Every structure is written in structure tokens, then in C-alpha cells.
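Taken together, the values in this text are just the output of simple stated rules run on the coordinates, not laboratory data. For clarity, every value in this text was computed on a predicted model and none was experimentally measured. A quick note on method: Cβ atoms are made from the backbone with ideal geometry, for glycine too, and the neighbour counts reach across all protein chains shown.
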Amino acid sequence: MTENAKCLPSPPLSELPACEDREWSRMAIGILQGDGRRSADTHLVKPVFKGLRSISIYLKDESTHPTGSLKHRLARSLFLYGICNGKIRQGTTLVEASSGSTAVSEAYFAHLLDLPFIAVMPHSTSRQKVDAIERFGGRCHFVDSPAEVYTVAERLAAEAGGHYLDQFTFAERATDWRGNNNIAESIFEQMKAEVHPEPEWVVMNAGTGGTSATIGRYIRYRNLSTRLCVVDVEHSAFYASYASGDRNVTCSTPSRIEGVGRPRVEPSFIPGVIDHMIKIPDAASIAAMHVLSDRLFRRVGGSTGTNFYGLCWIAASMMRKGREGSLVSLICDNGDRYAATYYNPDWLENNRIDIRPHREMLETFIDTGEFRAIHAA
Ligand SMILES: Cc1ncc(COP(=O)(O)O)c(C=O)c1O
């Protein structure tokens, strides 16, 4: 502050700014909190696999949120974060870079608050997600490659005088990682009455990296002995970055598993809270998705397959060492979104993805406990 500024007289009380804008944010926060209050906690399902005698498997079913994926939590948090930081106001045009799921959830919240919403997504995004965004009144803007979404979203937001929600940067900080019923707190609360209430491992994939950041931080904050394994997919920068410590790693081929695997190391990916990473072939992720869907009698999405394959890998390693305990992972979204892709034999063939060997291996494993690794982790 300059000397002159210090001497300026205070404005008379009548000229102090009013806070009319707060009326809108008060109403908006009430609506977002109402959505939270109406939502029950998601189930922590415990499927029984007779081959895995000493290991109990738990899957947090995030597909049951009103917008069908784990991104419902993130979207609510990003809206609250934007409003509480004064970035989202009445009439603000919201723009997001997404592979689809987050945009579906954000379109829903934008609709609740009567705000214009534009989703910037790759052309490859599933038709069901595009339909859902449009049904909530959102607009879809397509780009050729996932690496383009960031700059295009930023540009569109600037042109509209709006706000770029930027999940890839803000996911890790918009979520209250110490608690406030975040996904980690919910999992550990739901585990409390189990035989092994502290899981040996939580297994989670990475898109923004935000969910794994929340879980990893919570584990440390609560002094739990649980470890966090992050599973990455074939075309993604995360695993190589974790292994080398280089945050500048990039990957030029787009991920085939929607929602996970990124062309760059996202700001919300926090390697310091991760105890182990496994890179999983896409055919193994999709095979695991099919196997789990069969056993649950309903379809799960591809990123859930990545999680389930990683979970089986860790279970096999524990069984080899004669260890017992519990393992937790997530059902990230519903598989009906991928009827035209991962559940379509023609799509698999066109993409030269042969899931049969992985499928047989996984079925044998969960039925008998015999694990024959098809690839190196
Ligand atoms: C279907 C699906 N699974 C998993 C993830 C990964 O979650 P996170 O962004 O918290 O890393 C995403 C992220 O968009 C997703 O859409």
C-alpha cells in the first residue's frame, strides 16, 4: 500500500457495496447441499468369489449416483468451490474439459442452477454421455484429440466471459480430503464392522487423479496402515511419470478406456500418496469388466474393469504370500454407457482387442484361486 492510499478517507457507509450477489450464491449453495442431502451413501458391495478364500473384496458402487458415476461427487464439489471462490455467479457460462462422465454430472448441476454449460470432449466420447449432457441442457463441443480439450475449454470460457471449471487442476483441492463424507471417509466408515476393517489395499484408477489423491491423503491423515495402489491403462502418462519421477511425461495415443488414462500428468495426480502402481493392458481391463459384470448380474464400465483387474492382481500376490485381509476398489460407472463399444464384439474386433485369454485367466482365478499372469505388472 502506498502512503497516499493509506491517507484516502473511507467511503461513507451508504456507499459500501451491497451483497446482492450473495442472494444468488446462498440459493445456489442451498440447492447443491439439497442434492447432497437427498443422496444416500453409495453401497459398498461384497461379492463372493469362492477362489479367493482368505481375501474379502469390497466394491464401492459409485454408479448409483443420480448422474451415474463417481463424478457426481466431484461435480458438486467443483460447483461449491467455484461459488465459494466467487468464480461462479448468477448467469456464469461454465465450460469443462472432460472425457464425458464429469461433464454429465456438471451438466446436471448447471441445469439445477440454471447456468449455461459447455462440455469440451473428444469425438470418441460415448453417445450415451453426449445424450445425457444434452438432455440436461448442456452443449457439447468436440475436439479430435484428448490433448486439445484443455486449451479449447479455456478459450471458450474466456470468449464467453465464463468460468473454466478445470477438473484436472481442481479435483484434488475442491474435495475436502480430511472428511466431510468424502469417498474415503465413507469407505472406511462402511468397513468398520467387517472382519478386516482396515483394508490391506485400496485399488483405484486415475483420470484427474483426484479420487486417488483423496483416498491417499485420508489414509495418511487417519494413520491407517492401508496402502493405495493406482492402476493405469495402456495409453496414459501416469505410470511412466510415477516410475521415473518426471511430471513432464506425455502420451500421444489417446486412452481407449473412457474416463481414465491421460495424455499428460494431470495437476490433480499426487504421486506422493501412492504406494504402488500397476499398468494394465486394455484387453485385460475390458476382460475384467466383462467378468465382473457377469458376476454382479449388471454391467459396469471399462475403468471399473481396470480396477477389478488390479484388485485381482493384488489378491493373487497376497494369496501367494499366504496373507489374508480385505481389498477395496470402486465401481466407477454403469456399463450401459458402453453398449456400443466394450460390450460390442465388432468394436472389440475393429480395435484388435482380444479379451479371451484374460477373461479365462480371471474366471479361473476367482473360481479356484489359481492365477496365471499373462503380462508383467
Ligand atoms: C468412468 C470413470 N472412471 C474413473 C475415473 C477416474 O477418476 P479420477 O478423475 O478421480 O481420477 C473417471 C474420471 O473422469 C471416470 O470418468
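From the P(r) of region 226-319, could you give the percentage of C-alpha pairs in the tail past 16 Å? Can you show the working numbers first?
Details: 2412 of 4371 pairs.
Roughly 55 percent, rounded to a whole number.
Suppose a student asked you for the relative contact order of the chain, using Cα pairs under 8 Å spaced at least 6 residues apart; what percent would you report? Can you show the working numbers first?
Working: 706 pairs, mean separation 66.3, N = 377.
Dividing the mean separation by the residue count of the chain yields 18 percent.
Once the Cα atoms are used to define both axes, helix 356-368 deviates from the longest principal axis of the chain by about 80 degrees. Angle of helix 149-159 to the longest C-alpha principal axis of the chain, folded into 0 to 90 degrees and rounded to 10: 20°. For region 205-239, which trypsin sites (Lys or Arg not before Pro) are both in a DSSP coil and crowded by at most 15 other Cβ atoms within 10 Å? Counting only loop positions with at most 15 other Cβ atoms within 10 Å, the trypsin sites (Lys or Arg not before Pro) in region 205-239 are Arg222. With a Förster radius of 25 Å applied to the C-beta separation of Ile374 and Ala340, the computed FRET efficiency comes to 0.40. Amide H contacts of Asp333 (H built 1.01 Å from N, in plane; Pro and chain starts excluded): Gly301, Thr304 sit under 5 Å, all sequence-distant by 5 or more or on other chains. Each residue, Ala40 and Lys192, gets one label point 7 Å from its Cα in the Cβ direction; the gap between the two is 1.9 nm.
Using only C-alpha atoms and all pairs of different ones, pull out the Kirkwood radius for region 71-171 in Å with one decimal. Display every interim value, and only then the final one.
Details: mean 1/r = 0.0771 Å⁻¹.
Taking the inverse mean of 1/r over all distinct Cα pairs, region 71-171 comes out at 13.0 Å.
With a Förster radius of 45 Å, plug the Cβ-Cβ distance of Phe297 and Asp21 into 1/(1 + (r/R0)^6) and report the FRET value to the nearest 0.05. After rounding, the FRET efficiency stands at 0.35. When the alpha carbon gyration tensor of the chain is reduced to an equivalent ellipsoid, the three semi-axes, largest first, read 39, 23, 19 Å. Once you divide the Cα radius of gyration of region 112-251 by 2.2 N^0.38 Å, the number left is 1.26.
Roughly what % of DSSP beta bridges within the chain run antiparallel, to the nearest 5?
The antiparallel fraction comes to roughly 15 percent.
With a cut-off of 13 Å between beta carbons, the residues surrounding Thr92 carry a summed charge of -2, where Lys and Arg count +1 and Asp and Glu -1.
For n ≥ 4 DSSP H runs only, could you compute -39500 (n - 2.57) per run for the chain, divide by its residues and tell me the 222 nm figure to the nearest 500? Intermediate values should be presented prior to the final figure.
Details: 14 runs with 158 residues, N = 377.
When only DSSP H runs of four or more count, the value is -13000 deg cm²/dmol.
On C-alpha positions alone, give me the angle between the axis of helix 282-296 and the longest principal axis of the chain, in degrees, nearest 10. Rounded to the nearest ten degrees, it is 80.
For region 12-157, the fraction of C-alpha pairs more than 22 angstrom apart is 49%.
What is the local net charge at Glu185, summed over the other residues whose Cβ is closer than 12 Å to its Cβ (Lys, Arg +1; Asp, Glu -1)? If you can, show how the numbers build up before the last one.
Working: positive: Lys60, Arg73, Arg178, Lys192, Arg217, Arg222; negative: Asp41, Asp176, Glu189.
Residues near Glu185 contribute +3 overall.
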